[in-house]
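Structure, as structure tokens:
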Amino acid sequence: MKILLNLLGVFLVGMLVWSFGAGLVDYISNPPEKSVEHEFHREPLDVHFPSDGPLGTYDKAQLQRGLKIFREVCAACHSLHQVSFRNLTDLGYSEDQVKTIAAEWPIESPSINPDTGEAATRPSLPIDHFPSPYPNEVAARAANNNAVPPDLSLISKAREGGAPYVYSLLIGYRPVPANLPEANRPPMGLHYNPWFANLNLAMPPPLTSAGQVTYDDGTRSTLPQMAKDVSAFLIWTAEPKLPARKQTGWAVILFLLLATGLGYMAYRNVWIDQKH
């Protein structure tokens, strides 16, 4: 029985090796054809943010500019369900400024009319989350060619490529290439963007021209600058405690190095004592 089991094992291993080898040879001799989307799709651009790297942190002035881009450009279609207005104190705003931002937000928060019990809206408060511009998914689809604008709270973590992908998408609208097959050309209501997975995006270009938004700090609002600022803001919405986590990580690493060093010294002293 033992011999039969060993022979069976050798046979199964041989079949596995043969199958792998045959598949590898077939892949090399007949490589799979690349899809049209794969051929025209582009990887995120090489762009860097102050929060990058183990020592990175947020540039509050940039985040405030990004908030202004979101308010004046993105909030008409997108929500931030995971972010409260009171969180804006992390961007350097005072409590009174946050109250003003919430009260003057272009989209009011949902409420209930106390007299009739019917749905209503009211100016937002600091405790409110950023409101959605649509009451429900049906309304969102009706206003956007049957496409639902995604909530942007976690978009920089939810999409492969992170913030560089968001930046690339925002400035990535291009004329349709002449050699793009007819089946892949954007139909009416869609827009060609090679940084989007299937090349055709329902969202029209949100950033259209330099100076579209006027920055309070005097920074020139070029297209790349606006795209970078709002992308940085969306890094913050996804990871508001990122600098604190990095500081905690460095403190833990320092503690572990110190504990390792002290442990090694204690072990060495014990070993020397035992030797003598």
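The relative contact order of the stretch 50-115, computed from alpha carbon pairs under 8 Å that lie at least 6 residues apart in sequence, is 28 percent. Computed about the Cα centre, the dipole magnitude for the chain is approximately 800 debye when only Lys and Arg (+1) and Asp and Glu (-1) carry charge, each at its Cβ.
The convex hull of the Cα atoms of the stretch 144-210, projected and averaged over all directions, covers 5.4 nm².
Which order do 60, 68 take when ranked by solvent-accessible area (1.4 Å probe, heavy atoms of all protein chains), largest first? The partial results should precede the final answer.
Working: 60 105, 68 45 Å².
Descending order: 60, 68.
Sorting 253, 107 by solvent-accessible area of protein heavy atoms yields 253, 107, largest first, with a 1.4 Å probe.
Ordering 112, 101 by accessible surface, largest first, gives 112, 101; the 1.4 Å probe counts only protein heavy atoms, with every chain in place. Remark: spin-label model distance residue 157-residue 256 equals 2.1 nm, labels positioned 7 Å along the Cα→Cβ axis. Share of pairwise Cα-Cα distances greater than 17 Å in the stretch 95-148 is 50 percent (whole percent). A 1.4 Å probe, protein heavy atoms only, puts the accessible area of residue 257 near 120 Å². Amide H contacts of residue 42 (H built 1.01 Å from N, in plane; Pro and chain starts excluded): 195 sit under 5 Å, all sequence-distant by 5 or more or on other chains.
Computed across the stretch 134-276, the Kirkwood radius stands at 19.7 Å (inverse of mean 1/r, all Cα pairs).
The H on the amide N of residue 82, modeled in the peptide plane, is under 5 Å from the matching H of 153, each at least 5 residues off or on a different chain. Proximity of backbone amide H atoms, modeled 1.01 Å from N, is registered between residue 122 and 109, 111 at under 5 Å, excluding neighbours fewer than 5 places apart on the same chain. For the chain, relative contact order (Cα pairs under 8 Å, six or more residues apart, normalised by length) works out to 23 percent.
Over the stretch 149-251, Cα pairs under 8 Å with separation of 6+ residues give a relative contact order of 31 percent.
Given (1) 60, 37, 31; (2) 84, 70, 47; (3) 77, 46, 28, which label gives Cα extents along the principal axes in Å as computed from the coordinates? Computed from the coordinates, Cα extents along the principal axes in Å corresponds to (2). Note that the stretch 142-153 has calculated 3J(HN,Hα) couplings of 5, 8, 9, 6, 6, 10, 8, x, x, 5, 9, 3 Hz, one per residue in order, obtained from phi through the Karplus relation 6.51 cos²θ - 1.76 cosθ + 1.60 (θ = phi - 60°); glycine and proline are x. Legend: helices of the chain (whole DSSP H runs) are marked when their alpha-carbon atoms reach 18 angstrom or more along the helix axis and their mean Kyte-Doolittle hydropathy is at least 1.6; marked are 2-29.
Ligands, DNA and RNA excluded, the heavy atoms of residue 59 present near 60 Å² of accessible surface to a 1.4 Å solvent probe.
The accessible area of residue 191, taken with all protein chains in place and a 1.4 Å probe, comes to roughly 60 Å².
The values are calculated or read from the model by the stated rules, or taken from the named source; none is laboratory data. Quick caveat, the model's predicted, so the values are computed rather than measured. Neighbour counts are summed over all protein chains in view; Cβ atoms, including those assigned to glycine, are modelled from backbone coordinates with ideal geometry. These accessible areas exclude ligands, DNA and RNA; they are computed on the full protein's heavy atoms, side chains included. Shrake-Rupley method; radii C 1.70, N 1.55, O 1.52, S 1.80 Å.
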